[in-house]
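K.L.:
Pasting in a structure now, in structure tokens, and then I'll have a few things to ask.
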Amino acid sequence: MAVIRTIDLTKRFKDLVAVDHLNLDIEEGEIFGLLGPNGAGKTTTVLMLSTVIKPTGGTAVVGEYDIGKSPDDVRKLIGICFQEPKLLWVSTPWDVLNWHAKVCGLSTQERKKRVKQVLEDVNMWEHRRKNVHGLSGGMRKRVEIAKILIQRPKIAFIDEPTAQIDVVGKHKIWNMIQELREEGTTIILATNELHEADILSDRVGIMHKGKLLICDTPKTLKDSILGGDLVEIRLEKEATQDAFDELKSFHEVVDVVTVKPTNLKVHLNKVEEIVPKIMELFMKRNLPVTSISMSEPSLDDVFVHYTGLTIEEAQRKSP
Amino acid sequence: MKAVLHIIEYDFRNFFRYKWWLAGLISMNLADLLIMAVVYNKIVNPDLFLGQLKSYFNFFAPGVTVLGLFASAFMIGREVNMEVRREIHHYMLSLPITRLELAVGRLLAGGLRGMMYMTPLLLITFLFLGFPSPSQLLIILGALMLLATGISGLSIAAAVSITSFEKFVTARGLIYYVLFFCSSIFYPSSLIRTLGQDGLIPQPIVVLAELNPLSSGADLIRSFLIGTPIFTLEMIRNLAIFSMIFSTTSTLAYVKIIERK
Ligand SMILES: Nc1ncnc2c1ncn2[C@@H]1O[C@H](COP(=O)(O)OP(=O)(O)OP(=O)(O)O)[C@@H](O)[C@H]1O
Ligand SMILES: [Mg+2]
């Protein structure tokens, strides 16, 4: 059953269409990864679904409530972890979380217990009395995530949970997000990090320029693109155009993606037969191969395929 | 209803984070009172300007009380303005609270903070000028709460309509200036009227001073403590109208505007 359904959801900022007729169903109890390059409209979507900003067109149903008609009811179901931590500007982590828990209706006992537990879980217990101004970016983000872990809403919007957070912290937070889901929370995870979306999400949707390009399970998406195999070739020198063309002309080769001029990703079938031919092709043109590796496509490849951007380009496009 | 209390708690916490600043402000108010009272006592002839008044101090103490109330109730605007600029209001808007509860909470919090800040000033005024009767005290507190809520509303409305901090500060300065000086805080209404009749002050300023809720607030305290001017229901009416206008405007503006930003 869909717990969120958007119907032509649209947001314009003057000339810019940040979210463009978005139609999306999110199932109850799933982790839904909302992917897209910078400026794709992920945060704007999340803000509209959580009734923080109003759509300029279309609508959405969250739980059983229309975001335009019954925003007060929607807000009782949801919790949001903002991309930019929104901490009360003169406060300590403990005060921020305690007040948040109070507003979300937790009893005094429950509140004390959970605030302590979660502060420990996100490794912020010893900093609980520090002024938030004195916290590092990653620490603030931890406090921001703690809000939602304490609240345990029916529907959680989590916007870039691990940006700025160190590797150990990342894994911890991923575990906590999964635990939250196991307790019954539906999670909408907006992220740039494809690896994060891949390991956490049941389904992902890729947004680009405000539109939803594709939406499915990570596995189906990875299988859907091109040939089943992926070969990554690194060359000593830049590949010439005719080498490139000949590579493409093999009928086993489905697509060639230039990651860098000296680094090609080839999607293909029958990898065992074709690799010797590829080696030969480059040797013939005096383009020594420094390494060749085979792998399954990752969500990065899906992303590149559907947005037409390389990851580097996508990151450079940031406004 | 509970939600309104949570919002008030939030705003009170913020208020007390500025305890040093508040202490400084209140000492300045008190210093004002002393210096102005001493200096003015020497340079004005009380018989001439203040009629039956014994000293400028007696006249000015209620004025400073209202001044303090104004400055502190107006502080909420600065915080609301800062929140909008830093997008912290997105957080407030995402909480399980209705928009009305949020707006009313902010409005009342601003007013109550003003009342709290004003309490020591009011007590000092009572100490020097004498305590009012319980019923008079109730009227004074009720009227000042109306005033405080109106000021809080005025500042919130200004804060959300003018997001640029620079413009907000300028607007705040302008509001302060107009409301302080076109009022009976520093000089009695009777004097302003006389000067107006003699053509020494433009008529609009005279009218503004009469309608100014700060005048009504200060004069109301004076009417009970020093007997001049005479208490009139007009004072309460002015305050109630001011309070209603700005409470309503700010509630509407707050909700409408922050949802768009
Ligand atoms: N308040 C605003 N006013 C004007 N334009 C805005 C506003 N908020 C967002 N935008 C624009 O809308 C587009 C979508 O922004 P959004 O923040 O939703 O992207 P995003 O997918 O979350 O990107 P990122 O990965 O960088 O977080 C961007 O082009 C952005 O500049
Ligand atoms: Mg974003």
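The values are calculated or read from the model by the stated rules, or taken from the named source; none is laboratory data. All values reported here derive from a predicted model rather than from experimental measurement. Cβ: placed from backbone, ideal geometry, glycine included. Neighbour counts: every protein chain shown. In case anyone asks, the SASA skips ligands and DNA or RNA and just uses the protein heavy atoms, side chains included. Shrake-Rupley method; radii C 1.70, N 1.55, O 1.52, S 1.80 Å.
K.L.:
Taking into account only those residues within region A:155-167 that are within 16 Å of ligand 1 (Cβ to nearest atom) and within 14 Å of chain B (Cβ to nearest Cβ), which is surrounded by the fewest Cβ atoms within 10 Å (Cβ to Cβ)?
P.N.:
Result: A:ASP159.
K.L.:
Identify all residues within region B:229-254 that are among the β-branched types (Val, Ile, Thr) and surrounded by 18 or more Cβ atoms within 10 Å (Cβ to Cβ); write none if there are none. Spell out the reasoning first.
P.N.:
If we filter region B:229-254 for residues that are among the β-branched types (Val, Ile, Thr), which is where we start, we get B:230, B:232, B:236, B:241, B:245, B:248-249, B:251.
Passing the criteria: only B:THR251.
K.L.:
Something else: Say we look at region A:20-53 and pick out the residues that are polar (S, T, N, Q) and within 16 Å of A:LEU189 (Cβ to Cβ); which of these is farthest from the chain's Cα centre (by Cα)?
P.N.:
Looking at the filtered set, the residue picked out is A:SER50.
K.L.:
Are any residues in region A:33-51 within 16 Å of ligand 2 (Cβ to nearest atom), touching a Lys or Arg at 6+ places or on another chain (Cβ under 8 Å) and closer than 18 Å to A:GLU64 by Cβ, and if so, which ones?
P.N.:
Once the filter is applied, which keeps residues that are within 16 Å of ligand 2 (Cβ to nearest atom), touching a Lys or Arg at 6+ places or on another chain (Cβ under 8 Å) and closer than 18 Å to A:GLU64 by Cβ, region A:33-51 yields A:MET48, A:SER50.
K.L.:
So which residues in region A:52-77 are open to solvent by less than 10 Å² (accessible area, probe 1.4 Å) and either facing chain B (nearest Cβ under 10 Å) or within 12 Å of ligand 1 (Cβ to nearest atom) (or both), if there are any at all?
P.N.:
A:VAL52, A:VAL74, A:ARG75
Here is a yes/no grid of residues against (1) open to solvent by less than 10 Å² (accessible area, probe 1.4 Å); (2) touching a His at 6+ places or on another chain (Cβ under 8 Å); (3) closer than 24 Å to A:THR43 by Cβ:
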{"position": "A:LYS130", "(1), (2), (3)": "no, no, no"}
{"position": "A:GLY134", "(1), (2), (3)": "no, no, no"}
{"position": "A:GLY137", "(1), (2), (3)": "no, no, yes"}
{"position": "A:ARG142", "(1), (2), (3)": "no, no, yes"}
{"position": "A:LYS147", "(1), (2), (3)": "yes, yes, yes"}
{"position": "A:ILE150", "(1), (2), (3)": "yes, yes, yes"}
{"position": "A:GLY169", "(1), (2), (3)": "yes, no, yes"}
{"position": "A:ILE173", "(1), (2), (3)": "yes, no, yes"}
{"position": "A:ILE177", "(1), (2), (3)": "yes, no, yes"}
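K.L.:
Do the conditions hold for B:PRO132, that is, is it in a loop (DSSP other than H, G, I, E, B), touching a residue at least 12 places away in the same chain (Cβ under 8 Å) and either surrounded by fewer than 19 Cβ atoms within 10 Å (Cβ to Cβ) or within 14 Å of chain A (Cβ to nearest Cβ) (or both)? Spell out the reasoning first.
P.N.:
Values: in a loop (DSSP other than H, G, I, E, B): yes; touching a residue at least 12 places away in the same chain (Cβ under 8 Å): yes; either surrounded by fewer than 19 Cβ atoms within 10 Å (Cβ to Cβ) or within 14 Å of chain A (Cβ to nearest Cβ) (or both): yes.
Here the answer is yes, as B:PRO132 does meet what is asked.
K.L.:
Additional query: Could you check region B:2-29 and list, in sequence order, the residues that are loosely packed, with under 14 Cβ neighbours inside 10 Å and of a type in the set (Lys, Arg)?
P.N.:
B:LYS2, B:LYS19
K.L.:
Write out, first by first residue and then by second, each pair whose Cβ atoms fall under 9 Å of each other, whose residues are 6+ apart or on separate chains, and whose first residue, in region A:14-42, is without any contact (Cβ under 8 Å) to a residue 24 or more places away in the chain while the second is more than 7 Å from ligand 1 (Cβ to nearest atom) and open to solvent by 10 Å² or more (accessible area, probe 1.4 Å).
P.N.:
Hits for this filter: A:ASP25/A:ALA2; A:ASP25/A:ARG5; A:ASP25/A:CYS215.
K.L.:
Pick from region A:1-32 the residues that are away from ligand 2 (no atom under 16 Å from the Cβ) and within 14 Å of another protein chain (Cβ to nearest Cβ): which of them is surrounded by the most Cβ atoms within 10 Å (Cβ to Cβ)?
P.N.:
Across region A:1-32, the extreme among qualifying residues is A:ARG12.
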